[in-house]
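Read the structure below first, then the notes.
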Amino acid sequence: MEKTSTDAFPFTMNSSEKQETVCIFGTGDFGRSLALKMLQCGYSIVFGSRNPQKSSLLPNGAEVLSYSEAARKSDIIIIAVHREHYGFLTELTEVLKGKTLVDISNNLKINQYPESNAEYLAQLVPGAHVVKAFNTISAWALQSGALDANRQVFVCGNDSKAKQRVMDIVRTLGLTPLDQGSLMAAKEIENYPLQLFPMWKFPFYLSAFLCVFFFFYCVIRDVIYPYVNGGKDSTFRMAISIPNRVFPIAALTLLALVYLPGVIAAILQLYRGTKYRRFPDWLDHWMLCRKQLGLVALGFASLHVLYTLVIPIRYYVRWTMKNRTITQATAKREDPFSTSTAWLSDSYVALGILGFFLFVLLGITSLPSVSNTVNWREFRFVQSKLGYLTLILCTAHTMVYGGKRFLSPSSLIWYLPSAYVIALIIPCIVLVIKFVLVLPCIDKTLTRIRQGWERNAKPTLNGERYLKQSSVHLDSEL
Amino acid sequence: MEKTSTDAFPFTMNSSEKQETVCIFGTGDFGRSLALKMLQCGYSIVFGSRNPQKSSLLPNGAEVLSYSEAARKSDIIIIAVHREHYGFLTELTEVLKGKTLVDISNNLKINQYPESNAEYLAQLVPGAHVVKAFNTISAWALQSGALDANRQVFVCGNDSKAKQRVMDIVRTLGLTPLDQGSLMAAKEIENYPLQLFPMWKFPFYLSAFLCVFFFFYCVIRDVIYPYVNGGKDSTFRMAISIPNRVFPIAALTLLALVYLPGVIAAILQLYRGTKYRRFPDWLDHWMLCRKQLGLVALGFASLHVLYTLVIPIRYYVRWTMKNRTITQATAKREDPFSTSTAWLSDSYVALGILGFFLFVLLGITSLPSVSNTVNWREFRFVQSKLGYLTLILCTAHTMVYGGKRFLSPSSLIWYLPSAYVIALIIPCIVLVIKFVLVLPCIDKTLTRIRQGWERNAKPTLNGERYLKQSSVHLDSEL
Amino acid sequence: MEKTSTDAFPFTMNSSEKQETVCIFGTGDFGRSLALKMLQCGYSIVFGSRNPQKSSLLPNGAEVLSYSEAARKSDIIIIAVHREHYGFLTELTEVLKGKTLVDISNNLKINQYPESNAEYLAQLVPGAHVVKAFNTISAWALQSGALDANRQVFVCGNDSKAKQRVMDIVRTLGLTPLDQGSLMAAKEIENYPLQLFPMWKFPFYLSAFLCVFFFFYCVIRDVIYPYVNGGKDSTFRMAISIPNRVFPIAALTLLALVYLPGVIAAILQLYRGTKYRRFPDWLDHWMLCRKQLGLVALGFASLHVLYTLVIPIRYYVRWTMKNRTITQATAKREDPFSTSTAWLSDSYVALGILGFFLFVLLGITSLPSVSNTVNWREFRFVQSKLGYLTLILCTAHTMVYGGKRFLSPSSLIWYLPSAYVIALIIPCIVLVIKFVLVLPCIDKTLTRIRQGWERNAKPTLNGERYLKQSSVHLDSEL
């Protein structure tokens, strides 16, 4: 239900309900926004302030008292003050004993302090129940009700009753509380709003590098070489022709890099004879951002599709085709039809379409709401089986594109092979290793290792019945 | 987990569990459907009826008693009766004291009554705990188990224990309860199932107006003018050529209208010198339906892409190109290649593709499940930074399309400029104002205002430490 | 919040919290993975084993005791042992009295045993509170933290306190608990991870059959016939031309099959005069997999779009067009422009684009996260109204494609009509029946039946006020 009408929420209260009083320490922007919202939702608000004067900025209906007076009026106190100013709370330890303190603060940098603000608050006021909440919500969103982005409020705390009460408030404000467990989670919750796509950084930089590298590679072959060798101005190729080489190369390479860490991990496990030793950190990180790598690859593949489909409406292509036709017509000469060329051209296109289609399917199943409806067996089927099929189709698409020219020396320009030949290296390596890994003899060993067997382990404990995890728990294929 | 097999749910009960009895007042269609479903899920059902005769319509296994007898058998009573007939419940006040009454009713119109049905029920039977639930579920969906649409059951109520018990029942029936807070939320919950895309109305009518207007504008220029000036029948252009002008114009205009309210709001805030005065209602509403405007624009952009890609397979285009070639071949004349035309044509197409690609990205991030996985900083980055980049690319695409003809008087027909020139007005205004707003001197003032600073405010209270909201809480950019 | 950093979770505990002890029976792979994860999240772990020797495989920090000693140390005991070995638990009945037993086991086959493992466990140890959980999570996912697929842990159990405690543990591990109700749900939860797209089987086999049938049908007409009648080698058509006939036919047929069960059900209800008799099982199953049928149809439609858009870049098409132009140029003959052909060609293409556009809209609204944001009225509007509009557009697209050749005898080859003619049969039947059903006289009767009226029912009970469900509860249209 879209809470689009929360603004219109009745200011008047249902008389049958007793108004719950919430105290807010600090009268800054976020504190006031929160107060306004809570007043609208039927709470009564008391501000705690060092200098308790009624300010015109504060929402109507809210009281302003001194810290200790305000604290006495409510069991729940929202600390809308920066961490650096938490000091004054130590003087209020007595008053705050047993009360629920809600820490809503954020920092300016990730991991700015050794401990989270909420844990620091819990140390300052040992008798109180500290709950972390609301830090992921923006003041503007609270005011406007336009919570398009994220209605989720992460809540954590050690006292489950205090946490429950805060979650009830969150719910009453039309937001979605998410219980994140104990106060230990506060650090992560405080870092969360400061992150800017942390898992996308490696895929982004990698693909930027690939694009720049292959762009200049193609510029050398397609623009500089013809200019040097004939004074031909082919700069216009940089708008479509060259991007349409760079994008498919980046897509294929990134797609192969999605599956490469899996085969490396399998080789490592086979070599070590156990799955209980940690992978190197770079491999771990690589494995965790495979989804992002795949989605970036899908983006490039989509661009390649669009760039390819507009080919016939480009001026250059139309001009070339027209002039070729005119030349032949003038010479009264017709090309004979070549069935093999028709086969090559059509199967190249068909492989590309099918590969792209499967790729889009993979992308759709990685949408959070879709992947939540599939179980592990289904997820693995899609991401592993369909994924490899996509890689095979796209690799074959690139190979058939090369067709008869593939690896022929005449396509070398200044000793540089065509760009698509370079793009094929990693996919072919991945597919060859994967092919070796699924050979029955190797696959059997690998499966045993992934079920927990160890090559150098002592014989299993006598008589112990291990839970050999069936089906699901087995699915450790990477 | 898809509850596809709920139909096959065991009718027999696990004997170790005691059957909970639920009472249903009213034997209408929805009451019976609910009863059947609850019987299947292991509840025992007692119908309360004015005329307690066993009817063949009622599901097997359910008892039928008088209202007061039925009420005595259970703590939970589902009121499956229309609001107009709630009157008889006043006679049962004694029996219903302390019981949980579940109001499942809907109205025929939005805001039909001054108070919600559930609040009315609570007034009629003051001693009972009224819980609103189940009104968003259809009887047919309950019977068939085909709950493709929405398994969500909004629940609200003032007594948290009563609410909890109802939510447990909801869960047992395989549905998802969503706690909406106190009974005050009942009105919204009752209005919910009566809405038909309320936020889409303005974008829909606006885009319908744009389409009709530009369609006739183009018909005048492309069909009526050639007919009047040469008797040429160009009516076939109304199928593809003219829609392919109307759609991109509508897309670009709507996209600009997504960003226009933001810059208007910024100007208002700068002018007023505070962010604490409400925007006019029209601006508020406009801001709240920006997402819908953007998605409609994306729809038009997608249509434009498809209409553009089919150009080369249209009979008209093929005929034109063939005849032009034949004419030239007969005259034995070849066009010289124009590098500048190739640049214009290719960069026009490339800008369009990149703009559309970013537009689709924006659309994907507005999917609820995707936007729930990003934080405010990431959401703002995508919707604001990428959004403006999309607008810039699409505006440039339209400008380069005009190319050399842009604003040339020869393209006027009956004093009407080309349609794309009109389409550029709003985007250019938005981009120019936005450019002014991001100039450092203006941006600084705006940022201070959005952090809560007021131009005409009294000096801040002496010694008060405001919570100057860092990063997230700042992100009030519109 | 992506829990990507759970691996880095602090091993050290916040001293203010008391460590909760959890006991795990069985030291297999999944038990050890779970133990490691729980140790990382601050639990203290005791393994129960028949042969309590410290093994190097067990995670550091975990104790190993005999079953009964281990059980005495904790209130929560996770049974990480196969169902076949549950026998030893009967000896521990005394120790386990009142404790929470968490059944995490899976089977190898769906419905392998008459009762679920969890219910069997509850019978073996009658004094304990059995909770089913964790069976949908893979050991590898627990270790790596790469829970891309599914963080959902289905939990069920008869004792709500025990269930609540297990759900708290699930939450602390960074997973999402989903309360599935009483232990009766265990069977479904145990079957869940063994399923491989159960609802997709029928659509998959049906579409495979359609594709194979129409592929060979088209091969006969387009490859074998020209070869037999002229020795022409058209085999290359099997790569693109023939798939581009098969895919749209499969798409249109499957789309019609989405709406066929609805009209069959309506006819059945009209014939029977009641909605209270169950539909035959085949109809029920068909209705439940309509969404999947529609999505498969959308897949084929997308392939058709891609295969159509690449037409102008195929060698065969370019060669044909070039040679036709050369022939005409040599003969110095120009085709006259045919407005009617232009209309046919453009409206055929425009209908296809609009139909596909609506089809994609339908697909997007069937995404779980999108369909959760619409209410029943909106969902029905989209799936029924827009759905039929899509069917009408796509059928019209196919008919206009036929154009002048439609049903002309000259298009018969070996008495076989064109494939698209066959594809039109089911859509036309569905549209004709639907047209009859929405005639006012029939629609009125149907609506009354769907509101619960029965043709042969006894007169309604005197004075009873039925809940005539308004708007939402009415929406029983199929």
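The values are calculated or read from the model by the stated rules, or taken from the named source; none is laboratory data. All values reported here derive from a predicted model rather than from experimental measurement. Note that we place each Cβ from the backbone using ideal geometry, even for glycine, and neighbour counts take in every protein chain shown. Just so you know, the surface numbers come from the protein's heavy atoms only, side chains and all, with ligands and any DNA or RNA stripped out. Shrake-Rupley method; radii C 1.70, N 1.55, O 1.52, S 1.80 Å.
Does C:Y307 satisfy the condition of being open to solvent by less than 10 Å² (accessible area, probe 1.4 Å) and within 12 Å of chain A (Cβ to nearest Cβ)? When the stated conditions are applied, C:Y307 passes them. Entry remark, segment C:164-177: residues being open to solvent by 30 Å² or more (accessible area, probe 1.4 Å) and modelled with pLDDT of 80 or more number 3 in total. Screening A:I392 on (1) within 14 Å of another protein chain (Cβ to nearest Cβ); (2) in contact (Cβ under 8 Å) with a residue 24 or more places away in the chain; (3) open to solvent by 30 Å² or more (accessible area, probe 1.4 Å) shows it passes everything except condition (1).
Could you tell me whether segment B:359-377 includes any residue that is modelled with pLDDT of 90 or more, within 14 Å of chain C (Cβ to nearest Cβ) and open to solvent by less than 20 Å² (accessible area, probe 1.4 Å)? The answer is yes; a qualifying residue exists. For C:V374, the test of being outside any helix (DSSP H, G or I) and out of contact with any strand residue (DSSP E or B) (no Cβ under 7 Å at 6 or more places or on another chain) is passed. The lone criterion from (1) modelled with pLDDT of 70 or more; (2) surrounded by fewer than 17 Cβ atoms within 10 Å (Cβ to Cβ) left unmet by A:T398 is number (2). Residues in segment C:258-277 that are open to solvent by 40 Å² or more (accessible area, probe 1.4 Å) and not in a helix (DSSP H, G or I): C:Y276, C:R277.
When the criteria are applied in full, A:G387 fails the requirement of being modelled with pLDDT of 90 or more, under 24 Å from B:V349 (Cβ atoms) and more than 7 Å from every other protein chain (Cβ to nearest Cβ). Quick check on segment B:278-293. Is at least one of its residues open to solvent by 30 Å² or more (accessible area, probe 1.4 Å), part of a helix (DSSP H, G or I), within 14 Å of chain C (Cβ to nearest Cβ) and not aromatic (F, W, Y)? Yes, that holds for at least one residue. Apart from one condition, A:L354 fits all of (1) open to solvent by 30 Å² or more (accessible area, probe 1.4 Å); (2) closer than 20 Å to C:R318 by Cβ; the exception is (2). The residue that is nearest to B:L101 (Cα to Cα), among those in segment B:1-56 that are at pLDDT below 65, assigned to a helix (DSSP H, G or I) and open to solvent by 40 Å² or more (accessible area, probe 1.4 Å), is B:D7.
Scanning segment C:319-342 for residues that are buried (at least 19 other Cβ atoms within 10 Å of the Cβ) and either within 7 Å of chain B (Cβ to nearest Cβ) or touching a residue at least 12 places away in the same chain (Cβ under 8 Å) (or both) yields C:T325, C:Q328, C:A329, C:A342.
C:V430 meets the conditions (1) without any contact (Cβ under 8 Å) to a residue 24 or more places away in the chain; (2) crowded, with 17+ Cβ neighbours inside 10 Å; (3) of a type in the set (V, I, T) in every case but one. The failed one is (1). Do the conditions hold for C:Q123, that is, is it over 26 Å from C:S138 (Cβ atoms), among the polar types (S, T, N, Q) and open to solvent by 10 Å² or more (accessible area, probe 1.4 Å)? It is true that C:Q123 is over 26 Å from C:S138 (Cβ atoms), among the polar types (S, T, N, Q) and open to solvent by 10 Å² or more (accessible area, probe 1.4 Å). Are any residues in segment B:92-103 in a helix (DSSP H, G or I) and surrounded by 11 or more Cβ atoms within 10 Å (Cβ to Cβ), and if so, which ones? Passing the criteria: B:L92, B:T93, B:V95, B:L96. Only a single criterion out of (1) among the charged types (D, E, K, R); (2) more than 13 Å from chain C (Cβ to nearest Cβ); (3) open to solvent by less than 40 Å² (accessible area, probe 1.4 Å) is not satisfied by B:K187, namely (3).
Restricting attention to segment B:343-358, the residues being facing another protein chain (nearest Cβ under 7 Å) and of a type in the set (S, T, Y) number 2.
Looking only at segment C:190-205, which residues are without any contact (Cβ under 8 Å) to a residue 60 or more places away in the chain and within 11 Å of chain A (Cβ to nearest Cβ)? C:Y192, C:L196, C:F197, C:P198, listed by residue number.
Listed by position, the helices (runs of 4 or more DSSP H) enclosed by segment B:126-236 that each have at least 3 residues that are assigned by the TED database to the domain that holds B:S411 and more than 26 Å from the chain's Cα centre (by Cα) are B:201-219, B:225-230.
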